[in-house]
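Participant: Below is one structure. I have some questions about it.
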Amino acid sequence: MKLAKRVMVIEPSATLELMAKAKALKAEGKNVLEFQVGEPDFDTPQNIKEAGIKAIEENFTRYTPSPGTMDLRKAICEKLKRDNNLDYAPNEVMVSNGGKHCLFNAIMAMVDSGDEVIIPAPYWVTYPEVVKIADGKPVFLETTSDNDFKVTPQQLESVISDKTKVLILCSPSNPTGSVYTEEELKAIAEVVLKHKIYVFSDEMYEKLVYDGLNFVSFASLGEEIKKLTLTFNGVSKAYAMTGWRIGYVAGNKEIIKAMDSLQSHATSGPNSIAQKASIEALLGPQDGLEVMRQEFDERRKYIVKALNEIPGISCRTPKGAFYAFPDVSNFIGKTYKGETIDSDETFAKMLLENYFVVAVPGSSFGSPGFLRFSYATSLETIKQGMKLLKDFVVEIK
């Protein structure tokens with residue numbers, strides 16, 4: 001059987017083997033501590049669940065318009081104005097089956113064969129794969145922990161070509177937790193405006209920022225930059241609604257219309273019940289978000305301190321999201337029980353097989369030598385995991 005080229009270019013996740021091994025160990029009865037899952041461990045707030053139940057009871061269970069219900073799109077416009085100082089009309093907003101679906105629609109609508117998409121590394125694993133499916137060319141822009149894994153204007157300028165179409169910007173970042181300041185975003189915006197490239201601003205973790213830092217939406221920097229920006233967000237991370245599968249995007253109405261054309265033939269409208277619940281999420285009480293944020297903050301402080309107390313490991317303090325991204329490169333080339341640790345992937349595999357702790361190798365995100373730990377898990381699990389990680393590294397020679 002000969003499969004289409006568009007699926008042959010997709011690289012399998014480097015973590016699949018690791019995840020399969022973790023599942024097998026759990027089936028054997030091992031106490032596997034999982035730090036790989038990128039979703040809140042909190043329950044969806046009660047008022048949101050009740051809105052979903054009410055939708056079912058009122059038989060709101062039929063097809064909705066492809067770009068989402070008008071009520072939800074109006075709620076998103078209200079949210080963007082309230083939280084981000086952004087003015088959008090409902091025809092400039094589209095709702096999809098999760099943030100990933102929004103990104104897929106946007107790439108397919110905007111990127112032609114040979115178009116270049118700049119992707120700062122570390123990056124969320126889906127970015128380059130969707131670009132390749134569209135027959136575009138991912139252009140990776142390497143960042144370093146010394147600069148908090150942020151792109152500088154000079155770096156961006158150096159990789160822009162006449163084929164550059166889009167810059168994907170993720171703040172707060174998955175996997176690093178980095179958050180761009182307003183001044184840093186303005187400097188990037190100057191380069192974007194100079195070259196007239198589009199920006200896909202992934203703001204899924206906007207509600208999870210720490211240390212008194214203010215989140216700034218890229219499109220809010222001015223009308224000219226707004227015209228070149230698609231803003232991606234959703235209810236998954238902020239409201240613990242990952243399984244409800246609702247993401248949204250705001251931008252130029254012609255681009256939104258093109259994305260809707262794609263979606264209308266691919267999936268039609270998102271889940272009707274989840275849309276009703278999302279209206280309650282966006283317009284209902286918001287105090288529950290702060291409770292979750294404070295809990296994540298406590299875990300963040302603990303895991304970063306614990307990681308930095310382990311000999312040979314260093315970890316900068318993330319300013320957002322719920323990921324720690326420690327550097328374990330000191331152990332590459334050393335041995336554990338006579339076996340050479342030749343990569344971060346081998347390190348992660350040995351950690352799982354011997355101490356039953358799951359972390360994602362940095363190579364999966366384009367940054368070898370690092371691991372990603374999600375602290376969207378209980379503080380007790382974090383304490384156990386960090387103790388086992390320390391036990392592991394002291395055995396490395």
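The values are calculated or read from the model by the stated rules, or taken from the named source; none is laboratory data. Small disclaimer: the values here were computed from a predicted structure and weren't measured. As a convention, Cβ positions derive from the backbone with ideal geometry for all residues, glycine included, and neighbour counts pool all protein chains shown.
Participant: Determine whether LYS132 is closer than 27 Å to ALA258 by Cβ and buried (at least 16 other Cβ atoms within 10 Å of the Cβ).
Facilitator: yes
Participant: Shifting gears a bit: Could you run through the range 35-65 and say how many residues are more than 30 Å from LYS349 (Cβ to Cβ) and touching a Pro at 6+ places or on another chain (Cβ under 9 Å)?
Facilitator: Here the count works out to 3.
Participant: Name the pairs: first residue in the range 85-98 and farther than 16 Å from SER220 by Cα, second residue of a type in the set (Ser, Thr, Tyr), Cβ to Cβ under 6 Å, at least 6 apart or on different chains?
Facilitator: Going by the 6 Å Cβ cut-off, the qualifying pairs are VAL95/TYR248; ASN97/THR267.
Participant: Among ALA121, ALA106, which is the only one that is surrounded by fewer than 23 Cβ atoms within 10 Å (Cβ to Cβ) and in contact (Cβ under 8 Å) with a residue 40 or more places away in the chain?
Facilitator: Only one candidate passes the filter, namely ALA121.
Participant: Also, quick follow-up: Considering each of GLY234, GLY243, GLY222, GLY212 in turn, give the residue that is crowded, with 20+ Cβ neighbours inside 10 Å and small (Gly, Ala, Ser).
Facilitator: GLY234
Participant: Given the structure, is GLU345 part of a helix (DSSP H, G or I), in contact (Cβ under 8 Å) with a residue 60 or more places away in the chain and either more than 25 Å from ASN31 (Cβ to Cβ) or not assigned by TED's automatic domain parsing to the domain that holds GLY234 (or both)?
Facilitator: yes
Participant: For the range 115-125, does any single residue satisfy the condition of being more than 22 Å from GLY222 (Cα to Cα) and in a helix (DSSP H, G or I)?
Facilitator: no
Participant: OK, next. Does the range 362-388 hold any residues that are in contact with a helix residue (DSSP H, G or I) (Cβ under 7 Å, 6 or more places away or on another chain) and on the phi > 0 side of the Ramachandran plot, and which are they?
Facilitator: Scanning the range 362-388 gives a single hit, GLY369.
Participant: Within the range 240-337, which helices (runs of 4 or more DSSP H) (wholly inside it) include 3 or more residues that are under 26 Å from ILE168 (Cα atoms) and in the same structural domain as ASN91 (by TED's automatic domain parsing)? Working first, answer last.
Facilitator: Values: elements: 253-266, 272-283, 287-308.
In the range 240-337, the matching helices (runs of 4 or more DSSP H) lie at 253-266.
Participant: Condition first: part of a loop (DSSP other than H, G, I, E, B) and either touching a Cys at 6+ places or on another chain (Cβ under 7 Å) or under 15 Å from LEU230 (Cβ atoms) (or both). Now tell me which residues in the range 53-88 satisfy that.
Facilitator: Hits for the range 53-88 are PRO67, LEU86, TYR88.
Participant: Got a sec? Which of GLU57, GLU39, GLU34, GLU11 is more than 30 Å from PHE296 (Cβ to Cβ), acidic (Asp, Glu) and not assigned by TED's automatic domain parsing to the domain that holds ALA258?
Facilitator: Details: GLU57 fails: not assigned by TED's automatic domain parsing to the domain that holds ALA258; GLU39 fails: more than 30 Å from PHE296 (Cβ to Cβ); GLU34 fails: more than 30 Å from PHE296 (Cβ to Cβ).
Being more than 30 Å from PHE296 (Cβ to Cβ), acidic (Asp, Glu) and not assigned by TED's automatic domain parsing to the domain that holds ALA258 holds for just one of GLU57, GLU39, GLU34, GLU11, which is GLU11.
Participant: For the range 126-151, which positions are free of Cβ contacts under 8 Å to residues at least 40 places away in the same chain, part of a strand (DSSP E or B) and of a type in the set (A, V, I, L, M, F, W, C)?
Facilitator: Result: VAL139, LEU141.
Participant: Would you please name the residue that is farthest from the chain's Cα centre (by Cα), looking only at residues in the range 117-127 that are over 24 Å from SER261 (Cβ atoms) and of a type outside the set (Gly, Ala, Ser)?
Facilitator: So, considering only residues that are over 24 Å from SER261 (Cβ atoms) and of a type outside the set (Gly, Ala, Ser), the one farthest from the chain's Cα centre (by Cα) is ILE118.
Participant: Name the residue, out of SER158, SER201, that is surrounded by 18 or more Cβ atoms within 10 Å (Cβ to Cβ) and assigned by TED's automatic domain parsing to the domain that holds VAL111.
Facilitator: One residue alone meets the criteria, SER201.
Participant: Inspect all residues belonging to the range 103-111 and state whether any of them is at pLDDT 95 or above, closer than 18 Å to PHE200 by Cα and of a type in the set (Gly, Ala, Ser).
Facilitator: Yes: one or more hits.
Participant: Collect the residues in the range 23-49 that are outside any loop (DSSP other than H, G, I, E, B), touching a residue at least 12 places away in the same chain (Cβ under 8 Å) and out of contact with any Phe, Trp or Tyr (no Cβ under 8 Å at 6 or more places or on another chain), keeping them in residue-number order.
Facilitator: Step one: of the range 23-49, the residues outside any loop (DSSP other than H, G, I, E, B) are 23-27, 33-34, 46-49.
Those left that are additionally touching a residue at least 12 places away in the same chain (Cβ under 8 Å): 25, 33-34, 47-49.
GLU34, ASN47, LYS49 - these are the residues of the range 23-49 that are outside any loop (DSSP other than H, G, I, E, B), touching a residue at least 12 places away in the same chain (Cβ under 8 Å) and out of contact with any Phe, Trp or Tyr (no Cβ under 8 Å at 6 or more places or on another chain).
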